[in-house]
């Protein structure tokens, strides 16, 4: 059972690699077939086996010998590990639903995290997918006021702060993708949870930004991808709520 879900994770990880490459470039996720980004040689099925193909090809394209990014096997490995860690012990409907909920959200988080780091965008398609999953779960498990108010706060509060910041500084504080991601998370986290996410992700982003400027990793005027901070806090809230509650208990 666990082996099946681990292999499933490897295959999904391979698909996520395609999403990570294609979504920012506005390329259809189904067609054309995968090809080398350098020489455009078509990648055959036996060259696209998760992790194993990377090892057999020694991390290089079989055509032009250009290096294949380590990101590809890394994504496949981490998705497989997550699937292994939460694999249901039986095929009961509740166990399967829990698995697919947590697994799908983890995958969406991972795609958003990597794309925002590399391209500083959060694709609407992924955010909409997350919002649909969160909404579907909350409608059947939470009162109307919980998810509705959570979603409205997730959208409204960051939007208001961004508008005020723009009026004062003449600069945009948060991108539209960040605001929409807050809104999607609010549907699941509720009013209190999304406010915790907003403040903690902003705090975490500020700390990292200060260190990066201090150590000259980036310049003050350079924008910093903010989605990863929202995702890190959200991941703790969704996947480890007990640990999250323990950590924030130390915040005065």
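Observations
- The distance from the alpha carbon centre of the stretch 171-230 to that of the stretch 1-60 is 30 Å, rounded to a whole number.
- Per-q log10 I(q)/I(0), the stretch 1-107, q = 0.11, 0.17, 0.20 Å⁻¹ (Debye; single scatterer per alpha-carbon; no solvent): -0.39, -0.82, -1.03
- Sorting the segments 29-41, 115-127 by their residues' average number of neighbouring beta-carbon atoms within 10 angstrom, most packed first, yields 115-127, 29-41.
- Dimensions of the stretch 182-252 from C-alpha coordinates, computed as largest minus smallest value along each principal axis and given longest first, are 36, 27, 19 Å.
- Among 20-27, 199-206, sorting by the average number of other beta carbon atoms lying within 10 angstrom of each residue, highest first, gives 199-206, 20-27.
- q = 0.11, 0.16, 0.19 Å⁻¹, the stretch 38-180: log10 I(q)/I(0) [Debye, one scatterer per Cα]: -0.66, -1.04, -1.19
- Along principal axes, Cα extents of the stretch 124-207, largest first, whole Å: 43, 26, 23
- A value for Kirkwood radius over Cα pairs in Å was derived from the coordinates, and within the list (1) 19.9; (2) 22.8; (3) 22.3 it appears as (1).
- Sorting the segments 52-60, 68-76 by their residues' average number of neighbouring beta-carbon atoms within 10 angstrom, most packed first, yields 68-76, 52-60.
Values in this text are rule-based calculations from the coordinates and carry no lab data. Everything numeric here is computed off the predicted structure, so don't read it as measured data. All Cβ positions, even for glycine, are placed from backbone atoms using ideal geometry, and neighbour counts span all protein chains on display.
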